[in-house]
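*Asks:* Submitted below is the structure of interest, expressed as structure tokens.
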Amino acid sequence: MALFLFASRLLSIAPALAWGWPSALLLLDGVISSFVEGRRWGFSETASALACIWCSAAGYLSFFFTDCLMSRWLINYTPQATIVRLLTINAVNAYLTSSILALIGGFHDSRLLLPGWIGIATMLTILYHITHQQITIRKETSTSINVFSIASFLSMVALLALLYSQQHHPDFPKYPSSQRLARS
């Protein structure tokens, strides 16, 4: 029975694996293209890399959310009933993940996968903390905050680096102080 519980809990990362492939493949294509052509990364490559990070964070958080629910359910229900609940929550998770990514437009434009995965990881973090407060078993909550914080920090650094690298592009807006200096 323990093997079925583990497999049912592990199934929670399936949406991140299934819909994380487009970002991973685009990232691989961007890395190869940048290396072969000798060009710098642009927005598409950065968005793909960050979408991979947030997709991984969402899979990790989904596992911990499901683990928290399983712990709660095993106290009140039989292992068989817990497995049915785990399979149900995994089906709901897969449906909602697919719906969010479709609603955001990530299946039509891969650059839009990034905001979709950020939203999914955010919701999973919130759900984990709400669920964690309702169980009597002590679980480690700092892990979910650490995963979310690391993904946020990496996103901020990557986007700031991209912004800095694009400042000499002709379409980049001029800073107000440089416009005043140009008039003088």
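*Asks:* Can you list, largest first and rounded to whole Å, the semi-axes you get for segment 18-167 by taking the square root of 5 times each eigenvalue of its Cα gyration tensor?
*Replies:* After diagonalising the Cα gyration tensor, the semi-axes are 34, 17, 11 Å.
*Asks:* Would you mind getting me the FRET efficiency between Ile126 and Leu87? Use the beta-carbon distance for r and R0 = 22 Å, nearest 0.05.
*Replies:* Approximately 0.45, to the nearest 0.05.
*Asks:* Quick one: 3J(HN,Hα) in Hz for segment 98-107, Karplus 6.51/-1.76/1.60 with θ = phi - 60°, rounded, Gly and Pro as x.
*Replies:* 4, 5, 5, 5, 6, 5, 5, x, x, 7
*Asks:* For Cα pairs less than 8 Å apart in space and 6+ apart in sequence, what is the mean separation divided by the residue count of segment 1-118, i.e. the relative contact order in percent? Please list the in-between numbers first.
*Replies:* Numbers: 107 pairs, mean separation 44.4, N = 118.
Once divided by the residue count of segment 1-118, the mean separation gives 38 percent.
*Asks:* Still on this model: Just how large is the dipole of segment 18-167 about the Cα centre, in debye to the nearest 20, putting +1 at every Lys and Arg Cβ and -1 at every Asp and Glu Cβ?
*Replies:* The calculation lands at about 340 debye.
*Asks:* Could you list the residues of segment 94-116 with an amide nitrogen less than 16 Å from a label point located 7 Å from the Cα of Leu25 in the Cα-to-C-beta direction?
*Replies:* 106-113, by backbone N distance to the label point.
*Asks:* Per-residue counts of other Cβ atoms within 10 Å, averaged by peptide: what ranking do you get for 27-36, 53-62, 14-23, highest first? If you can, show how the numbers build up before the last one.
*Replies:* On the way: 27-36: 13.4, 53-62: 25.0, 14-23: 18.9.
Result, highest mean Cβ count within 10 Å first: 53-62, 14-23, 27-36.
*Asks:* For the chain, what is the mean residue ellipticity at 222 nm derived from helices alone (per DSSP H run of n ≥ 4: -39500 (n - 2.57); sum divided by total residues; nearest 500 deg cm²/dmol)?
*Replies:* -27500 deg cm²/dmol
Read-outs throughout are calculated quantities, based only on the coordinates presented, and are distinct from any laboratory measurement. Quick caveat: nothing in here was measured; it's all calculated off a predicted structure. For neighbour counting, all protein chains shown are included, and Cβ atoms are generated from backbone atoms with ideal geometry for every residue, glycine included.
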